[in-house]
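**Student:** My questions all concern the structure below.
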Amino acid sequence: MTYTLVFLALLMATVIWWLVRQSVNVQPWVAEAGAQDVHGAVLARPAAKTALWVFLAVATSLFALFISAYAMRISFVDWRPLPQPRLLALNTAVLVLASVAMQWAVYAARRHELAALRTRLLAGGVLTVAFVIGQLAVWKQLGDAGYFVATSAATGFFYLLTAVHGLHVLGGLVGWSRTAAGAWRGATAPRLKLSVEMCAIYWHFLLVAWVVLFAVLASSYLGLSICSTSVPL
Amino acid sequence: MSSYIAHDESEYAPPAEMAEMELYHPKTFIGKYIWSQDAKVIAIQYAVTAIGIGLVALVLSWLMRLQLAWPNQFAFIDPSNYLQFVSMHGMIMVVYLLTALFLGGFGNYLIPLMVGARDMVFPYVNMLSYWVYLFAVLLLVASFFVPGGPTGAGWTLYPPQAVLDGTPGATWGIILMLVSLAFFIIGFTMGGLNYVVTVLQARTRGMTMMRLPLTIWGIFMATVLALLAFPALFVSAIMMILDLTLGTSFFMPAIVSKGQQLGHSGGSPILFQHLFWFFGHPEVYIVALPAFGIVSDLVAIHARKNIFGYRMMVWAIVAIGGLSFIVWAHHMYVSGMNPYFGFFFATTTLIIAIPTAIKVYNWVLTLWRGDIHLTVPMLFAIGFIFTFINGGLTGLFLGNVVVDLPLSDTMFVVAHFHMVMAIAPILVVFGAIYHWYPKITGRMLNDTLGHIHFWITFVGSYAIYYPMHYLGFMGVPRRYYAIGGTNFIPESAHSLNVAITVAALVVGAAQMIFLYNLISSYFKGRPSGGNPWNATSLEWQTAETPPAHGNFGKDLPVVYRWAYDYSVPGVKVDFIPQNVPPADVAAGRWTKS
C-alpha cells in the first residue's frame, strides 16, 4: 500500500496547505460587511474544471491502489514475469504525440484559430485511437504466445492494468468526440476553449498514468517488472 | 475589504445573480418528481430508498436475534440463512443505508441550501447518481431471489471462503453483491463530485470556508474520504469478479475444495483484506464525519450558544479524515502480521483519539452553561455523545494488539462497532430528521411521539449492546449460528441472549412509531413556519418553506457572519442569521421578524 500512501500523503499535504490558507488569520466569529466589495466578481475557475481535477484525484487513487496490489503480489516467490512486448514502447510514443497534439489544440483555441484547432484535435483523436489499437495488438501478441489473463498472476495484472488504463482512454475519447462535435458545429469560443483545455488536462493525465504503468510493467530498475526483457516478443 | 475575510473570497465569489437560464426548469410532474434534477428532490429520493432498504436490514437483524435467543426454534432460519442475514444486514446498514443517507440524502438537501447555492453544480450528473444508486440497490435486492440466495460470506466478503462451495450464495449471490457494490461506487462518485465541487465553487458571496456550518464541513470531508477510499473497494470487487469469472488468481490461492483441486494458484487472500480495509476503515469516518458535523450544529442551535472552538472542530475533522487512511490494518491483527507492523497501526489508531477527543470536549463545552432546550433533536444529539464516547472507548481497547487478539471475533467487537458506528450515527440521523423535517415539509414532527421514540431507542440500544460486551469477555463468538453446549459459556449467557433479543425487538418496533410520525405529521403536523428553531444558517432563511426550486428568491443571500451567532451580548434576539448585515444589528434594526 506504500504507493497509495505516498499519493495520499501528497494529497493531504495539499489539503492542509489549502486549509491553512483558509483558516490562518481568519476569525470566523467576526461579522464583516466586506462582502460588498466583491459584488460582481466572477468565478475564477469554471466548476467543470474543478470537477475534472477532483475526478483525476479519484482516478489516481484507483491506479495507485491497483499498483499497490500489484507491488504486494510481486514480492511472492512464485512470481513469474511474462515476455515484454516491444510494441509497448511504440504505443507509449504514440500516446506522447496524442498528448502533444491536444496541448497544441489548446494553444489554437486560445488564439481562436479554428482551422488549426480542428486539425490538431483530429490528430490527437486519431493518435489516441492508434494507441488503443496498439494496446489491443499487444494483447493479441501475448495471446498468440500463450499468455492469457488467467495464465499466471503476472499476466492477470498485465491485462488488468492495461484494461483499466484503456477504459480511461475510451472514456476520454467520449469527451473528445463531444469536443470535436463542438469544434465542427460551431460552439461558442469560450465554451470550446474550456472543453479543449479539459481534454488536454485529461490527456496529460492519461499519459502520466500510462508512463507510470509502463515503468512498473516493464522497468526492471524499479524492481517491479511484470515483463522480462530476456524473452522479447 | 477587511483583513478578516478569507483569502479566497474574491477569487471564488460567484456573480451576484446566477443567470436563470442555467437553472433547469421541470415542466411535467415526472420531470419534477421522478427524473428530477433538483437536489432537494434527489435528496428525498435517496433518503426514502435508503430508509426502505434499511428496514430490510432491520428485519434481518430481528431474524438473527431470534435465532440467537431461541436456537433452532424457527423453521425458516437454518445455518445458511443465518449467515446470509448477518452478511446482508452488515452490508446494507453500512453502505446502502448510512453512506447513502448521510451523503446522498443530507448532502443533497443541505449543501446547496447551507452554502447559499441554487442547486448542485451538475444537476444532471446528480440525477444520474441517484438512479445508479437505485440500480445498485435493486441488484442487491435481486440477490435474495437468485438460486442459492444472497452471499453469506460476512459483510467483509473475504475470499477464498466467499466464493467456495459451502458458503451460502457462493455462485450467484456473491457476483450480484460485487456488481452491486461496483455500481454503488460509480453512482456515489457522480454524486460525490457534485458535493465537493458545490462546496468549493458555488458558495454565495461572503460564505468563506471558515463561515460554513460544521454540518457542511463534515459532509464535505466525508465525501472527500469516500471519493478516495471507495476505489479500494472497487479494485477489490473487480479483481474478485475476475477471479470468479475469468479464472484469474488475484485473491485465490491453490486450493482444494470438496476434494477437487481448483484451477487457481498463487493468489493472496491477505491482499484482499488490505484492499478491503483500506476502504473499510475510512468508511467508518465516512459515516461518522457527517454525524460529527450535524451534532455540532444541533448542539449549538439547541443550546443557543456558539460552537466551542470552531476552527479546532474543522481541523479535527480534517485530521480524523487524514488519519483514517493509515489505520486500516488494525482490522487485521489476527491475520498474522509482523509485530512491528501491528505496533505501527496500534499507534496510529490510538492517535485518532486525540482529534476525536477534541470534538467531544468541544461539544460538551458548548453545552456548558448554554441555554439548553431539550428538544427532540437535542436529545438525540446528547444521546449521540453518550453512545459515541462509549463506543469510542472500547475502540481504544481493540486498537491495542494484545487486547484485540483475545477479543477478536467475539461479541465484544459486535458491541463496539454497533455503539460507535451504528447507534451513534443513527441517533444523529434521527436528530437531524427531527431538526430539518420542518424545513423539508413545512410541518413539525409530533413531539410526544418523538420523545417516546428517543427514550426507547436510546435506553433500548444500551440494553442491547451493553450486555454484549460481557458476552464478548466470556468469549462468546460472533457469526455463530448456535453456540451449543460449549463449556466456557455459562447458562446465564443464554439468558442474556434472550434479554438482548427482547430489547432488540422493542427498539425495532419503536422505529415504527417514528415512521408513523414521519407520515402522519406530513399531513397533520403543526405548521412550522420558516425558522422554528430560531437558527442562523441559510437554509432557515429561505423565502418559502419548503424551499422553492432555486432555493432562494430572486437574489442569492449575502453572508456577513458565521453560523454560530447565538446569544450575542447586547443583542435582544438570541440569534443573528448569517445574512443579517452588521450595520442592521448595530442600528438595532435586527429584531426577529
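**Student:** I'd like to know which of B:VAL580, B:ASN551, B:TYR564 lies farthest towards the positive end of the charge dipole of segment B:529-593, counting +1 on Cβ of Lys and Arg and -1 on Cβ of Asp and Glu.
**Tutor:** It is B:VAL580, whose Cα lies furthest towards the positive end.
**Student:** Based on Cβ point charges of +1 for Lys and Arg and -1 for Asp and Glu, what charge dipole magnitude is obtained for chain A about its Cα centre, in debye rounded to the nearest 20?
**Tutor:** About 540 debye.
**Student:** Over the Cα atoms of the protein assembly as shown, how large are the radius of gyration and the largest Cα-Cα distance (Dmax), in Å?
**Tutor:** Reported Rg and Dmax, both Å: 27.6, 87.
**Student:** If you don't mind, another one. Which whole-number percent gives the relative contact order of chain B, counting Cα pairs below 8 Å spaced six or more residues apart?
**Tutor:** Once divided by the residue count of chain B, the mean separation gives 15 percent.
**Student:** Next question. If the cut-off is 17 Å between C-alpha atoms, which lysines fall inside it for B:LYS32, apart from same-chain ones fewer than 8 positions away?
**Tutor:** Hits, sequence-local ones excluded: B:LYS40.
**Student:** Select from chain B the helices, each a whole stretch of DSSP H, whose alpha-carbon atoms run 24 Å or more along the helix axis and whose Kyte-Doolittle mean is at least -1.0; answer none if there are none.
**Tutor:** Details: long enough: B:39-69 (44 Å, 1.63); B:123-142 (29 Å, 1.67); B:172-201 (43 Å, 1.83); B:214-245 (45 Å, 2.09); B:269-302 (49 Å, 1.20); B:376-399 (34 Å, 1.75); B:424-441 (25 Å, 0.96); B:447-474 (41 Å, 0.54); B:491-524 (50 Å, 1.05).
Span-like helices here: B:39-69, B:123-142, B:172-201, B:214-245, B:269-302, B:376-399, B:424-441, B:447-474, B:491-524.
**Student:** Please work out how much length the chain gains when fully extended from B:LEU164 to B:LYS524, using 0.36 nm per residue of separation minus the C-alpha to C-alpha distance, in nm with one decimal. Could the numbers behind the result be given before it?
**Tutor:** Details: separation 360, 0.36 × 360 = 129.60 nm, distance 5.36 nm.
So the chain would gain 124.2 nm between B:LEU164 and B:LYS524.
**Student:** Right, something else. Could you check the spin-label model distance between A:VAL208 and B:THR28? Points 7 Å from the Cα along Cα→Cβ, value in nm.
**Tutor:** If labels sit at A:VAL208 and B:THR28, their model points lie 4.5 nm apart.
**Student:** Further question: What does the helix-only formula give at 222 nm for chain A: each DSSP H stretch with n ≥ 4 adding -39500 (n - 2.57), the total divided by the residues, and the result rounded to the nearest 500 deg cm²/dmol? Mind showing how you got there, number by number?
**Tutor:** Numbers: 6 runs with 168 residues, N = 233.
Computed ellipticity for chain A at 222 nm equals -26000 deg cm²/dmol.
**Student:** Another question about this same structure. What translational D, rounded to a whole number of µm²/s, comes out for segment A:59-228 from Stokes-Einstein when the hydrodynamic radius is the Kirkwood one over Cα pairs, at 25 °C and 0.890 mPa s?
**Tutor:** My calculation gives 145 µm²/s for D.
**Student:** Taking the Cα centre of the protein assembly as shown as origin, sum charge times position over the Cβ atoms of Lys and Arg (+1) and Asp and Glu (-1), and report the length of that vector in debye to the nearest 20. Display every interim value, and only then the final one.
**Tutor:** Details: 40 positive and 30 negative charges, 229 e Å.
Roughly 1100 debye for the protein assembly as shown.
**Student:** Continuing with this model, one more query. Thinking of segment B:529-593 as a set of Cα atoms, what percent of all their pairs are more than 18 Å apart?
**Tutor:** Details: 722 of 2080 pairs.
Here the long-distance tail beyond 18 Å is 35 percent of all Cα pairs in segment B:529-593.
**Student:** Over chain A, what is the mean sequence separation of C-alpha contacts under 8 Å (at least six apart), divided by residue count, expressed as relative contact order in percent? Please list the in-between numbers first.
**Tutor:** Details: 202 pairs, mean separation 63.2, N = 233.
Result for chain A is 27 percent.
**Student:** Continuing with this model, one more query. For segment B:529-593, what relative contact order do you get, as a whole percent, if you take Cα pairs closer than 8 Å and at least 6 residues apart?
**Tutor:** Working: 74 pairs, mean separation 19.5, N = 65.
Once normalised by length, the contact order is 30 percent.
**Student:** Would you compute, from DSSP H runs of 4+ residues alone, the mean residue ellipticity of chain B at 222 nm, taking -39500 (n - 2.57) per run and dividing by the full residue count, rounded to the nearest 500? Could you put the intermediate results ahead of the total?
**Tutor:** On the way: 19 runs with 343 residues, N = 593.
Rounded to the nearest 500, the figure is -19500 deg cm²/dmol.
**Student:** Sticking with this one: Would you mind working out the magnitude of the charge dipole of chain B relative to its Cα centre, with +1 at each Lys and Arg C-beta and -1 at each Asp and Glu C-beta, to the nearest 20 Debye? Please report the intermediate quantities before stating the final value.
**Tutor:** Details: 25 positive and 24 negative charges, 180 e Å.
The calculation lands at about 860 debye.
**Student:** If you don't mind, another one. Say the dipole of segment B:423-569 comes from +1 at the beta carbon of Lys and Arg and -1 at that of Asp and Glu; which of B:MET512, B:ASN531, B:VAL476 then lies farthest toward its positive end?
**Tutor:** B:MET512
**Student:** For the peptides B:487-495, A:188-196, what is the packing order when you average, over each peptide's residues, the other Cβ atoms within 10 Å and list the highest mean first? Intermediate values should be presented prior to the final figure.
**Tutor:** Working: B:487-495: 11.6, A:188-196: 16.4.
Peptide ranking by packing, descending: A:188-196, B:487-495.
**Student:** Follow-up question, since we're still on this one. Could you state the angle between the C-alpha long axis of helix A:153-185 and the longest principal axis of the C-alpha atoms of chain A, as a value from 0 to 90 degrees rounded to the nearest 10?
**Tutor:** Once rounded, one gets 40 degrees.
**Student:** Rounded, prolate or oblate: which fits chain B, taking a ≥ b ≥ c as square roots of the Cα gyration tensor eigenvalues, rounded meaning a/c under 1.5, else prolate when a/b beats b/c? All intermediate terms of the calculation are to be shown ahead of the outcome.
**Tutor:** On the way: a/c = 1.77, a/b = 1.58, b/c = 1.12.
Verdict is prolate for chain B.
**Student:** Using 22 Å as the Cα-Cα cut-off, could you pick out the over-long pairs in A:LYS193/B:LYS554; A:LYS49/A:LYS193; B:LYS305/B:LYS592; B:LYS305/B:LYS572?
**Tutor:** Numbers: A:LYS193/B:LYS554 31 Å; A:LYS49/A:LYS193 12 Å; B:LYS305/B:LYS592 17 Å; B:LYS305/B:LYS572 15 Å.
Distance filter (> 22 Å) returns A:LYS193/B:LYS554.
**Student:** Here is a further query. Along the charge dipole of chain A, pointing to its positive end and built from +1/-1 on Cβ of Lys, Arg, Asp and Glu, which listed residue (A:ASN91, A:SER177, A:THR188) has its Cα farthest out?
**Tutor:** A:THR188
**Student:** Can you give me the distance in nm between label points at A:LEU5 and B:LEU515, each placed 7 Å from the Cα along the Cα-to-Cβ direction?
**Tutor:** Distance between the two pseudo-spin positions: 4.6 nm.
Quick note: the coordinates plus some simple rules give every number you see, no bench work behind them. None of these values were measured; they are calculated from a predicted model. So basically every Cβ, Gly included, is an ideal-geometry build from the backbone, and we count neighbours across all protein chains shown.
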